[in-house]
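Remarks on the structure that follows.
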Amino acid sequence: RLRTLSGIQATSDSLHLGNYIGALQQFVEQQETHDAFFFIANMHAITVEQDPALLRERTLRTVAQFLAAGIDPEKSTIFVQSHVPEHTQLSWVLECTTGLGEAQRMTQFKDKSAKREKVSLGLLTYPALMAADILMYHPDVVPVGEDQRQHLELTRNLAERFNHRYGRTFTVPEAGIPKETAKIYDLQDPTAKMSKSAASPAGLINILDEPKALAKKFKSAVTDNDTVIAYDPERKPGVSNLLTIYSSLSGQPIDAIVTEFDGKMYGHLKVALADLAVETLSPVRERTLELLDDPAELERLLAIGADAAQAIAEQTIKDVYDRIGFLRR
Ligand code: AQP
């Protein structure tokens, strides 16, 4: 079986629809066909300032959302990044494999550092830690959204560079970025990525939004002055985004949806999409809240996941340390 691996940061109370469609839906599908590893990236979270109590709580909330969305601990290894300290060990080695200019060219670093007064060194070295998270487990595919493409490309380069210098050590992974759903846009500003640091909360759909609030956001989504429901991301970004979301949640191809809504008004599409989103996300919300009632059970599952992940990580670090000339203890 091929192996898949991906992670999500624990930086918000709720994951958003971009995370759900760009990442979680793929995770759930891939665990059926792949040897699967999914983790909560709490170490990446502290590249910007976090409140400790909130970080702890959000880590568990994120695990609960993984499970509620359908990631099955019987099929997937689910763990918390900081539970496997080998990630930092490999990260250091990969930081020493990465050029300063290479890290400075990352658009995420440029965007995030431009928005802040205080920029941590961790924000710059983020992609080396991400490469470590990935290369540690030798995955064949890494399902992520479009925004992570550049980091994944760097990961592949680092793997090749290391293999070239020290002999074949790492698998060079493929990016699993599905064409249409790779980027979900803000409902109020359909040219901007849906993101938890969105300019307006009305444009951000959270998995844990109350059904009424969720429906309202869809109904007030920004479209355009035209009236034709058509898929044209360049000229009709708002409507196209709604069609993409509809397609991802229903499993229907976009063409079929366009045909179904032929001659209808934008309002029809918005109402139908609001219903579909509530139908899809309400059970995830309810299940998440149930799971959060029993944090001990979540912690138990995470301990099992950490053991399974660490068994692989220990071996990788041994191999890497041998290759780079670190004396065995
Ligand atoms: N809008 C999106 N469309 C598709 N996929 C997305 N992802 C994030 N936003 C979208 C994918 O979700 C996974 C987890 O990403 P993350 O933990 O790095 O979350 P994030 O990118 O920090 O989320 P935000 O909301 O985008 O954060 P800020 O506002 O801090 O930039 C990844 O696979 C990502 O591609």
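Since every read-out is calculated from the coordinates, none of them should be taken as a lab result. All figures in this text were calculated on a predicted structure; none of them were measured in a lab. Cβ atoms come from the backbone with ideal geometry, glycine included; neighbour counts cover every protein chain shown.
Taking all Cα-Cα distances within segment 193-307, those exceeding 23 Å account for 40%.
The C-alpha radius of gyration of segment 9-57, expressed as a fraction of 2.2 N^0.38 Å, stands at 1.33. Taking only the alpha-carbon positions of segment 40-107 and ignoring solvent, what does the Debye formula give for the base-10 log of I(q)/I(0) at q = 0.18, 0.22 Å⁻¹? So the normalised log intensities are -0.87, -1.03.
A simple spin-label model places pseudo-atoms 7 Å from Cα toward Cβ; at Ile304 and Ser120 they are separated by 3.2 nm.
The share of Cα pairs per 5 Å bin across segment 70-182, counted from zero up to the longest distance, runs 2, 11, 19, 22, 21, 14, 7, 3, 0 percent. Over the chain, the hull volume per residue, using the convex hull of the C-alpha atoms, is 143 Å³.
Taking every C-alpha pair closer than 8 Å and separated by at least 6 residues, the mean separation divided by the residue count of segment 1-143 gives a relative contact order of 35 percent.
Compute the Cα gyration tensor for segment 116-198, then decide on rounded, prolate or oblate, letting a ≥ b ≥ c be the square roots of its eigenvalues: rounded whenever a/c is under 1.5, prolate when a/b is larger than b/c in the other cases, and oblate in all that remain. Oblate, since a/c reaches 1.5 and b/c is not below a/b. Based on Cα atoms of segment 174-214, Rg over Rh with Rh as the Kirkwood radius reads 1.05. Were the residues from Leu55 through Lys212 laid out at 0.36 nm apart, the gain over their Cα-Cα distance would be 53.8 nm. Using the Cα coordinates of segment 153-256, the gyration tensor eigenvalues translate into equivalent-ellipsoid semi-axes of 36, 17, 13 Å, sorted from longest to shortest. Using the Cβ-Cβ distance between Arg235 and Val271 with R0 set to 30 Å, the FRET efficiency from 1/(1 + (r/R0)^6) comes to roughly 0.80.
The fraction of all Cα pairs in segment 278-319 landing in successive 10 Å bins from 0 to the largest distance is 25, 28, 25, 17, 4, given as whole percents. On the beta carbon distance between Ser113 and Thr191, with R0 = 22 Å, the FRET formula returns roughly 0.50. Among the GluC sites (Glu not before Pro) in segment 81-130, those placed in a DSSP loop whose Cβ has at most 15 other Cβ atoms within 10 Å are Glu117. Each peptide in 27-39, 297-309, 259-271 receives the mean, over its residues, of other Cβ atoms within 10 Å, and ordering these scores from highest gives 27-39, 297-309, 259-271.
Using a simple spin-label model with pseudo-atoms 7 Å out from Cα toward Cβ, Thr227 and Tyr166 lie 6.5 nm apart. Summary value for the chain: 22 percent relative contact order, contacts being C-alpha pairs under 8 angstrom separated by 6+ residues. Rounded to the nearest 20, the Cβ-based charge dipole of segment 182-329 about its Cα centre (Lys and Arg +1, Asp and Glu -1) stands at 440 debye.
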